[in-house]
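A.B. asks: Please see the structure below; I have some questions.
The values are calculated or read from the model by the stated rules, or taken from the named source; none is laboratory data. Just so it is clear, the model here is predicted, and its values are computed rather than measured. Glycine gets a Cβ as well: all are built from the backbone with ideal geometry, and neighbour counts include every protein chain shown.
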Amino acid sequence: MSQENTEETQATETTETFEPKIMAFVCNWCTYAGADLAGTSRMEYRPNVRIIKLPCTGRIDPLFIIKAFENGADGVLVSGCHPGDCHYTAGNYHAKRRWIAFRSLMEFTGIDTRRLQFSWISASEALKWVDLINNVTDEIKALGPFMDFKNLKG
Amino acid sequence: MEKALREKARELLTTGEANVIIGYEWNRRKTRATPAFITKADEVDRLIFNPLCVNNLSIYLTRKNKDILRMGKPAIVAKGCDIKNIVVLISEGQVKREDVVIIGMSCNGVVYKQGLWKGELRPEIMPVKCHNCDVRNPHLTDFVIGDHIDFTPPETPRGMVFDKIAALDAKTPGERWSFWLEEFSRCIKCYACRQACSLCYCERCITEKNVPQWIETSAHQRGNIAWNLVRAMHLAGRCTFCGECERSCPANIKLNLVNQKLVLTVKDAFDFKSGYDEKIHPPMIVFSPDDTENFIK
Amino acid sequence: MSRIGVFICQCGTNIADTVDTEKVAEEMKKIPGVVHTQDYKFMCSSPGQKMLKEAVKKHRLDGMIVSACSPHMHEKTFRRACESAGINPYMCEIANIREQCSWVHHDKTKETGTVKSLDLTRMTIERLKKNQPLKPNKIPVNKRALIIGGGIAGIQAALDIADGGREVLLVEKTPSIGGNMAKLSETFPTMDCSQCILTPKMVEAELHENITLMTYSEVEKIEGFIGNFRVTIRKKARYVNEELCTGCGDCWDKCPFKQDSEFEHGLKKRKVIYTPFPQSVPNIPVIDAPNCAMLQKGKCGVCAKVCGPKAVDFEQKDIVVEEKVGAIVVATGYDLMPNEHFGEYGYGRIKDVINGLQFERLASSSGPTGGKILRPSDGKEPQSIVFIQCAGSRDEKKGVSYCSKICCMYTAKHTMLYRHKVHDGQSYVFYMDIRSGGKRYEEFVRGAIEKDGAMYLRGRVSRVYEKDGKVIVQGADTLSDSQVEIEADMVVLATALVSRPGADTLAQKLGIGYDKHKFYNEYHPKLKPVETVTAGIFLAGTCLGPMDVPESVAQGSAAASKVLVLTSSDEMIKDPTTAIVNDFTCNACWDCVVACPYSAIEKTDIKDREGNVIRRLAHVNDGVCTGCGTCVAACRSKAIDLKGYTDEQVYAAINAF
Ligand SMILES: Cc1cc2nc3c(=O)[nH]c(=O)nc-3n(C[C@H](O)[C@H](O)[C@H](O)COP(=O)(O)OP(=O)(O)OC[C@H]3O[C@@H](n4cnc5c(N)ncnc54)[C@H](O)[C@@H]3O)c2cc1C
Ligand code: SF4
Ligand code: SF4
Ligand code: FES
């Protein structure tokens, strides 16, 4: 799957027509519900994001993020409940520690951190979700396809 | 020093306080120090200790070396830096403090690679960790062998690794990426780094897990990057910067850079240095509500 | 190969307006493992569900995707439909193409919505292929409840649970239940006498066939989990045989030694063999061992000699018992801030400066003065009293940051009690704000001021000192912007309510959280006010924070209702989304054990026949695990996984992206 996609993107994309693929890992209780609320409120936002729902940000493993990039994601978004609001009390605090270390590692490896973004979005912050998706999409669109990973030989 | 060490070893084996001494001995040609496992009191004279004793023997306390575990209660000859790994192993339930006798060795430094030894320990042939060492007088021991050493490490650690990290940090992401791509492209997935690390003790390494196969196994760029990122993450907050992985890498990949980078990150972000206190949990499995970052939107 | 059915809902026009559902159905059919696809107007309607069920039979489906609204809307509906069609409900997954697609992408050409729906559905299909049928966890539930703390909150919880037909074990640290309420004279806002409303409840608790009282006892250890707790309780030696004692009181009448009474806050003495107060439940004395001449020096023994039924037993020892319960209510109450905090008010130094509970005792007809307001120094009736509110409250520098909430009310009550007892007495109240929110509360305070002549001064007291048998109070009146000095006969401090000493140790034993003031944390301040993060453990009363009797009672009843719900059946059904350890690859590094926010993972030993430990393994307790998955990300060797959100499922979804 990923292989075909990669070649396709490479062949057809120019910066003008480029539509980035963005993978979002979100927790079920806050961000997923916030994204639902954007829908119930009939807000509109860029269509580039594909959500994978996890119970909690505590479940989100750096492996997911690496795999998403390997599969041709131009950007990855990770989001959950605000600190103190985690449905499981502390999953997001654990997540935050991991992100601090992982992001530093990614940065050190030379991955453009604009392609890996983190956020806290509550179940009521539909607007924040919409803005975030729009901004991230535009930012990554401007950056162009993420060739660093796509060019890797597999 | 060796005399005192041998005496202690003899005593431990005779009294039965330990069943095996994990230490160093000469290779046959007396050019290199290699690990020794001594179970008989009359063989303790094989034990040596000198700047060639670079290996971190703590690896023989882990589940990776089941045959050695079967020899009975170990007494381990350990430099301060090796003890840091033992501390992590204890804090992660891999060794019980009471199940190992730690013979701490006062240490003036070792060579970076045994091949560099010309009969004299000069600063140029010592690894960065020795120049910044704050455990020349070992910290968690049952016995200390050797005299007290007066040495104050520099306030902020320095040396080649730190310079290189700073230089890389100053580059653009693109340049860093090319640098690491070049480094990791040499990886042949031999896993020598993993083999040499006493903190890579997993019963089954993530690379060997195939449902799902998170890390592609063959030695190509994509798998290499994933492996090296994951290896570094798994050591975040745990790595003691002993340097065994880089020493063992046949492709000379600069693993010390990644490891030390994360050591610095963890120190900055969580105010934690691994290997000092066996009673506290490694930082990546705990948290503080006050952890701060500047990137989560 | 799986046999998956994919159903795409048009949701009237809600989805169909911007998504070409027919095309999605068509495309999805091409995916290996998908044997049937269909789009339909309203999947969730009864014809829609009937269609689903028929399709399951007709196409022998073993899994189902419904591309429709958010799983938060209808996941349950569709999973139930699945179940009634004979496939495991967890083999049904929802692709959210409404809230997260058709409703947020308004492209009328349907291009945008269709592309995204295809992706979302495909990712869900690939995920589903890795699903495993799951069975809800059934956890046996022990129907007994433990209540820790026998104040009004704990008593109320005990009575409600017992009336609901469940057995209750009520453990109280002191020799009698009753708590702080037993010390109160009359209670705001109705001014009924505290003993008159409390004593009947205490007696009922003693006599109730479903309640076992364990007074003078403390919880030492708690193990297990919801429905299955094992509690170790130490029953301290009373040196009085509870079976034999009739509570006649001959022993405490004759005991020659005296000590300050804890219950009377030092305003009166009690004997060394004593009950805390006359209405104590149980009415069985205890011997204050460190002060007993017989126990310490082997001399005396008067009580044993005078005891008719020979109940005094100097040989008695502490007893440690283990009890099994299914639920726990913590109702350990509050304390007043100790006097060393109040140097500037002379508290602890000047005899006639007392705290609110001491005033309650003076006003109580069963108290040390028989209900007469007499000052401690010389037993004279005070002609004027200064009440100082917020002593230690609302000032982080000098005490605590929070408002103790009840002091405005009880101070107003105190001024009334004073005026009712000393008709020409004048009371002055220094206050910061008057907080009298509550049914009839504001009217109550107005009554104190308007009918009973209390003089309210807004401002802080700066100094209190003794002069010629008077207590001089200097302070500011910020409303008239002047300094005031009052020569009073007595000063009453409304000292801050604080948590009990040792509240933190108990919390650690229970595995529940507490704030920086050591008040216990509710699971959710609004929606789960009496629950804790540890399932099966509930809270009631002032151990959560300052509150008055009506609130404490309400919480006691709320906690009781939670316990009754939990114990309403023999088994608890729990979501099967729980973590599971792979015994072959677990390293026993305990990363998961440490990371789990619920302490749901135990360290277990695998032993050989001789009982030698050959391996150690992590083991997840399904009863406690909530399925957050924090452990999974923490485990380096991926030896632990989360059912319903396994690595394989996530991996498949990412790969389909
Ligand atoms: C001066 C004053 C006047 C007041 N006047 C009024 C009023 O007029 N009207 C009104 O509504 N409210 C009034 N209140 C408030 C009232 O006292 C409380 O709301 C009420 O007593 C709280 O009950 P509780 O059960 O939560 O706690 P408590 O009464 O403190 O009971 C807790 C019980 O738990 C026991 N305990 C503690 N730790 C343990 C342990 N580890 N193991 C076993 N047992 C333990 C204690 O011994 C105690 O018996 C007043 C308070 C004060 C200070
Ligand atoms: S984290 Fe993984 S390896 Fe460690 S104890 Fe838990 S399941 Fe076992
Ligand atoms: S899923 Fe969450 S609650 Fe369950 S064992 Fe893992 S960390 Fe604990
Ligand atoms: S449930 Fe949202 S972050 Fe834990």
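A.B. asks: In segment A:65-89, how many residues are within 16 Å of ligand 3 (Cβ to nearest atom) and surrounded by fewer than 24 Cβ atoms within 10 Å (Cβ to Cβ)?
C.D. replies: Final tally of qualifying residues: 2.
A.B. asks: Give the residues of segment C:312-321 that are in a loop (DSSP other than H, G, I, E, B) and touching a residue at least 24 places away in the same chain (Cβ under 8 Å), sorted by residue number.
C.D. replies: Residues of segment C:312-321 that are in a loop (DSSP other than H, G, I, E, B), as a first pass: C:313-318.
Within segment C:312-321, C:Asp313, C:Phe314, C:Gln316, C:Lys317, C:Asp318 qualify.
A.B. asks: Mind checking which pairs have a first residue in segment C:127-152 that is more than 14 Å from chain B (Cβ to nearest Cβ) and a second that is modelled with pLDDT of 95 or more and within 16 Å of ligand 4 (Cβ to nearest atom), Cβ under 7 Å, 6 or more apart or different chains?
C.D. replies: C:Leu134/C:Gly644; C:Asn137/C:Thr578
A.B. asks: Continuing with the same structure: Among the residues of segment A:103-118, write down those that are assigned to a helix (DSSP H, G or I), more than 7 Å from chain B (Cβ to nearest Cβ) and of a type in the set (A, V, I, L, M).
C.D. replies: Matches in segment A:103-118: A:Met106 only.
A.B. asks: If I go through segment C:340-356 residue by residue, how many of them are on the phi < 0 side of the Ramachandran plot and surrounded by fewer than 19 Cβ atoms within 10 Å (Cβ to Cβ)?
C.D. replies: Residues flagged as on the phi < 0 side of the Ramachandran plot and surrounded by fewer than 19 Cβ atoms within 10 Å (Cβ to Cβ) within segment C:340-356 amount to 6.
A.B. asks: What residue, of B:Gly115, B:Gly119, B:Gly109, B:Gly104, is exposed (fewer than 14 other Cβ atoms within 10 Å of the Cβ), assigned by TED's automatic domain parsing to the domain that holds B:Ala75 and under 20 Å from the mean Cα position of the chain (by Cα)?
C.D. replies: Step by step, each of B:Gly115, B:Gly119, B:Gly109, B:Gly104 is checked, and only B:Gly115 is exposed (fewer than 14 other Cβ atoms within 10 Å of the Cβ), assigned by TED's automatic domain parsing to the domain that holds B:Ala75 and under 20 Å from the mean Cα position of the chain (by Cα).
A.B. asks: Is at least one residue of segment A:22-35 within 16 Å of ligand 3 (Cβ to nearest atom), among the hydrophobic types (A, V, I, L, M, F, W, C) and at pLDDT 95 or above?
C.D. replies: Looking for residues that are within 16 Å of ligand 3 (Cβ to nearest atom), among the hydrophobic types (A, V, I, L, M, F, W, C) and at pLDDT 95 or above, one finds at least one in segment A:22-35, hence yes.
A.B. asks: Turning to a different aspect of this structure: Restricted to segment C:621-648, and to residues that are among the hydroxyl-bearing types (Ser, Thr, Tyr) and away from ligand 4 (no atom under 13 Å from the Cβ), which residue is modelled with the highest pLDDT? Let's see the steps before the verdict.
C.D. replies: Start the filter on segment C:621-648 by keeping residues that are among the hydroxyl-bearing types (Ser, Thr, Tyr), which leaves C:626, C:630, C:637, C:645-646.
Of the ones still in play, those that are also away from ligand 4 (no atom under 13 Å from the Cβ) are C:637, C:646.
Details: C:Ser637: 93, C:Thr646: 97.
Among them, the one singled out is C:Thr646.
A.B. asks: All but one of (1) surrounded by fewer than 23 Cβ atoms within 10 Å (Cβ to Cβ); (2) on the phi > 0 side of the Ramachandran plot hold for C:Ile580; which doesn't?
C.D. replies: Condition (2) is where C:Ile580 drops out.
A.B. asks: Then there's this: Anything in segment C:576-595 that is in contact with a strand residue (DSSP E or B) (Cβ under 7 Å, 6 or more places away or on another chain) and among the acidic types (Asp, Glu)? List them, or say none.
C.D. replies: C:Asp583
A.B. asks: I need the helices (runs of 4 or more DSSP H) fully contained in segment B:182-297, keeping only those with at least 1 residues that are under 28 Å from A:Phe118 (Cα atoms) and at pLDDT 95 or above.
C.D. replies: It comes to B:221-235, B:255-270.
Rundown of residues vs (1) β-branched (Val, Ile, Thr); (2) away from chain A (no Cβ under 14 Å); (3) buried (at least 19 other Cβ atoms within 10 Å of the Cβ), yes/no style:
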{"site": "B:His139", "(1), (2), (3)": "no, yes, no"}
{"site": "B:Phe143", "(1), (2), (3)": "no, yes, no"}
{"site": "B:Ile149", "(1), (2), (3)": "yes, yes, no"}
{"site": "B:Pro154", "(1), (2), (3)": "no, yes, no"}
{"site": "B:Arg158", "(1), (2), (3)": "no, yes, no"}
{"site": "B:Ala167", "(1), (2), (3)": "no, no, no"}
{"site": "B:Gly174", "(1), (2), (3)": "no, no, no"}
{"site": "B:Ser178", "(1), (2), (3)": "no, no, no"}
{"site": "B:Leu199", "(1), (2), (3)": "no, yes, yes"}
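A.B. asks: Kindly provide the set of residues from segment B:254-277 that are among the β-branched types (Val, Ile, Thr) and crowded, with 22+ Cβ neighbours inside 10 Å, ordered by number. Before the answer, list the steps.
C.D. replies: Start the filter on segment B:254-277 by keeping residues that are among the β-branched types (Val, Ile, Thr), which leaves B:258, B:263, B:265-266.
B:Val258, B:Val263, B:Val266 - these are the residues of segment B:254-277 that are among the β-branched types (Val, Ile, Thr) and crowded, with 22+ Cβ neighbours inside 10 Å.
A.B. asks: Assuming B:Gly223 fulfils every condition listed in (1) buried (at least 24 other Cβ atoms within 10 Å of the Cβ); (2) within 9 Å of chain A (Cβ to nearest Cβ); (3) within 23 Å of A:Lys150 (Cβ to Cβ) apart from one, which condition is it?
C.D. replies: For B:Gly223, the failing item is (1).
A.B. asks: May I ask you to say which residue of A:Arg46, A:Arg50 is part of a loop (DSSP other than H, G, I, E, B), modelled with pLDDT of 95 or more and away from ligand 1 (no atom under 16 Å from the Cβ)?
C.D. replies: A:Arg46
A.B. asks: Of all residues in segment C:632-648 being closer than 12 Å to B:Trp214 by Cα and not in a loop (DSSP other than H, G, I, E, B), which is nearest to ligand 2 (Cβ to nearest atom)?
C.D. replies: Among those that are closer than 12 Å to B:Trp214 by Cα and not in a loop (DSSP other than H, G, I, E, B), it is C:Asp647.
A.B. asks: Still on this structure: Kindly provide the set of residues from segment C:485-522 that are touching an Asp or Glu at 6+ places or on another chain (Cβ under 7 Å) and among the β-branched types (Val, Ile, Thr), ordered by number.
C.D. replies: C:Val491, C:Val498 - these are the residues of segment C:485-522 that are touching an Asp or Glu at 6+ places or on another chain (Cβ under 7 Å) and among the β-branched types (Val, Ile, Thr).
A.B. asks: Let me ask another. Which is facing chain A (nearest Cβ under 10 Å), touching a strand residue (DSSP E or B) at 6+ places or on another chain (Cβ under 7 Å) and either away from ligand 1 (no atom under 16 Å from the Cβ) or not charged (D, E, K, R) (or both), of C:Gly623, C:Gly629, C:Gly644?
C.D. replies: Of C:Gly623, C:Gly629, C:Gly644, the one residue that is facing chain A (nearest Cβ under 10 Å), touching a strand residue (DSSP E or B) at 6+ places or on another chain (Cβ under 7 Å) and either away from ligand 1 (no atom under 16 Å from the Cβ) or not charged (D, E, K, R) (or both) is C:Gly629.
A.B. asks: State which residue is farthest from ligand 4 (Cβ to nearest atom) when the search covers only segment C:124-154 and only residues that are part of a helix (DSSP H, G or I) and of a type in the set (D, E, K, R).
C.D. replies: Out of the qualifying residues, it is C:Lys129.
A.B. asks: While we're looking at this one, here's another question. Can you find, within segment A:33-57, the residue that is nearest to ligand 4 (Cβ to nearest atom) among those that are hydroxyl-bearing (Ser, Thr, Tyr) and within 16 Å of the chain's Cα centre (by Cα)?
C.D. replies: For segment A:33-57, the residue satisfying everything is A:Thr57.
A.B. asks: Output the residue which, of all residues in segment C:163-178 that are near ligand 1 (Cβ under 8 Å from one of its atoms) and β-branched (Val, Ile, Thr), is nearest to the other protein chains (Cβ to nearest Cβ).
C.D. replies: Top of the filtered list is C:Val171.
A.B. asks: Restricting attention to segment C:9-33, which residues are among the β-branched types (Val, Ile, Thr), touching a strand residue (DSSP E or B) at 6+ places or on another chain (Cβ under 9 Å) and buried (at least 23 other Cβ atoms within 10 Å of the Cβ)?
C.D. replies: Residues satisfying the conditions are C:Ile15, C:Val19, C:Thr21, C:Val24.
A.B. asks: Could you say whether any residue in segment A:125-145 is within 14 Å of chain C (Cβ to nearest Cβ), surrounded by fewer than 22 Cβ atoms within 10 Å (Cβ to Cβ), among the hydroxyl-bearing types (Ser, Thr, Tyr) and not in a loop (DSSP other than H, G, I, E, B)?
C.D. replies: yes
A.B. asks: Say whether the condition of being more than 10 Å from ligand 3 (Cβ to nearest atom), in contact with a Gly (Cβ under 9 Å, 6 or more places away or on another chain) and either among the β-branched types (Val, Ile, Thr) or assigned to a loop (DSSP other than H, G, I, E, B) (or both) is met by at least one residue in segment C:610-621.
C.D. replies: no
A.B. asks: Restricting to segment C:586-611, and then to whatever is near ligand 2 (Cβ under 7 Å from one of its atoms) and more than 14 Å from chain A (Cβ to nearest Cβ), can you tell me which residue is nearest to A:Ala90 (Cα to Cα)?
C.D. replies: Step by step, filter segment C:586-611, then rank; the result is C:Trp590.
A.B. asks: When you go through A:Ile100, A:Ile121, A:Ile66 one by one, which is the residue that is over 19 Å from B:Glu293 (Cα atoms), within 10 Å of chain B (Cβ to nearest Cβ) and of a type in the set (Val, Ile, Thr)?
C.D. replies: A:Ile66
A.B. asks: Scan C:Pro256, C:Pro282 and give me the residue that is in contact (Cβ under 8 Å) with a residue 40 or more places away in the chain, surrounded by fewer than 17 Cβ atoms within 10 Å (Cβ to Cβ) and in the same structural domain as C:Leu198 (by TED's automatic domain parsing).
C.D. replies: Unique residue meeting the criteria: C:Pro256.
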